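Below: the structure, in structure tokens.
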Amino acid sequence: MLRDVNVTVTDKLLGAGVIAGEGTHLKIGASPIASDVPIVIRSSYSMEKIKKLIGYSPLADSVLDSIENGSDIILCLPVKASTSGTIGEVTKTCAAALTVSGSPTNTFDIKVRITAGGGLNTAAYIYTINGGFSWSETATMPVDGIIDLTETCGIKLTFTTPESTVFAVDDEFSFNTTAPTMSNADVLAALDKIKTINQEFEFVHVVGECDGALATAVSVKQQQLLAEKHKPLMILLEAIKPTADQSAEDYAEALMEEYKNIKNYDIQVCVARGNYSKSDGTVREQNLASIVAGLYSKSKVQQSIGQVDTFNISSDKLGQLTPLGIEEYIEELDEARLLTLRSYDGLTGFYVTNARMLSPTDSDYIYAEDVRVKNKIIREIRKSALQQMQSEVDMESDQTIIRDLTIKKEFIQQPLDEMKENKEISDFAVELINPVENMKVGNLSLKVRYKAKGIVREINIDLGRAG
């Protein structure tokens, strides 16, 4: 293996007595567009520009949710999903027929309404893809009866009228589609592409349902990216969905069972779901990981996204948590190392309970703010250490070796000085390890220890009358 700067994380040190790509994330999701390199999305882009770049897709929906909640720059890896979306049954209010063909690119609630009567090439219509929140401009029914929505929705609508039958005003046709979904192989192949991505980003969000088997495979892939490509990444996953007949209690138990065997402090599973009012005005019951990703983007690395005075999710945007009754099981899910949302009596809106990671229970890296600081240190100290690769050391004596290596140590630790000054960490210490002996074989070995910022997780008040 080629020599490099190798960072080993030593866990379970708390109590031992030792004294930016951040905010940018990479999103992997289903899309009609495929790319081997990230597509850069900025918060300044319009909704239409975003959808043109990455399709009318689950990936685009997630990007818009994250931008709305704080993301500025998102790197997107669109994936042509192996499992196609489905087209539901057409309902109609007239004798004319509608046949739908193609492969839908997302979840759509499509309606076509006749606004002027007549036959093909005469009748006028409008259509909506979001259940009626917004409608198209009026158009004439084509002579061949085909309304082509391939560019936006991936489907074509073909209308036929029985002999001597014409469309009447307010005739309506409606149907729903489901989104395509990525297979486990799709997700892992996309994660493999990260190996050759040189842009800096802090974490990865995989858009779409992720069961325990896939989460385990992602965990292995994350460890490979760190060990082989020196990429310290937190990965945010979306939990399995509840089934139609599952109670809140049964769903909570299924969630805890699904992810209980994963022990990786760089993996996070968001189990929070709710009815979310999206930027296009529609309300969708969905996993809330995209909102969480936005909160990470606008927070500092050492900051808890559960900080109540800063990260409120308005009840105007998030109507309620789902499934109904899930709030009774938030404490159990939190203890199971899963990311949940909660409400507080006396406050409006919703808040992240704790930014839990799937870490071992005795880990020093239980929360995302622990992991984000750790990963920033790895990124930044590696960059400064790389500047010292292949540099010279005076080997005349032990003293000259220690002198030169001390100078290099002080250069390498500059990011820690900056993080302390920026109040991202409380303190740190860097030591040379066996400098003389290690330098005989060309190794500069350092031990880095840092003290994280404290977080208030509970407040206890003793109240009594003084008189």
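A few points about this structure:
- Close Cβ contacts (under 6 Å, 6 or more residues apart or on different chains) running from residues in region 395-412 that are in the same structural domain as residue 438 (by TED's automatic domain parsing) to residues that are among the polar types (S, T, N, Q) and surrounded by 12 or more Cβ atoms within 10 Å (Cβ to Cβ) comprise 408/388; 412/384.
- Of residues in region 429-467 being part of a strand (DSSP E or B) and of a type in the set (Lys, Arg), the one nearest to the chain's Cα centre (by Cα): 451
- Answer from 67, 87, 126 - the residue that is within 30 Å of residue 24 (Cα to Cα), at pLDDT 95 or above, in contact with a Ser or Thr (Cβ under 6 Å, 6 or more places away or on another chain) and of a type in the set (Val, Ile, Thr): 67
- Residue within region 364-383 that is surrounded by fewer than 21 Cβ atoms within 10 Å (Cβ to Cβ), of a type in the set (S, T, N, Q) and touching an Asp or Glu at 6+ places or on another chain (Cβ under 9 Å) present: no
- Among (1) assigned to a loop (DSSP other than H, G, I, E, B); (2) within 32 Å of the chain's Cα centre (by Cα) - the single one residue 163 does not satisfy: (2)
- No other residue among 331, 396 is farther than 30 Å from residue 253 by Cα and either touching a Pro at 6+ places or on another chain (Cβ under 8 Å) or surrounded by fewer than 19 Cβ atoms within 10 Å (Cβ to Cβ) (or both) apart from 396.
- Residues of region 160-205 classified as under 23 Å from residue 121 (Cα atoms) and either touching a His at 6+ places or on another chain (Cβ under 7 Å) or crowded, with 21+ Cβ neighbours inside 10 Å (or both), total: 2
- Filter result for the condition that a residue is loosely packed, with under 15 Cβ neighbours inside 10 Å and either in the same structural domain as residue 422 (by TED's automatic domain parsing) or of a type in the set (Phe, Trp, Tyr) (or both), over 276, 344: 344
- Scanning region 104-121 for residues that are buried (at least 17 other Cβ atoms within 10 Å of the Cβ) and not in a strand (DSSP E or B) turns up 104, 105, 106, 107, 108, 120.
The values are calculated or read from the model by the stated rules, or taken from the named source; none is laboratory data. Note that the coordinates shown come from a computational prediction; the quantities given were computed from them, not determined experimentally. A quick note on method: Cβ atoms are made from the backbone with ideal geometry, for glycine too, and the neighbour counts reach across all protein chains shown.
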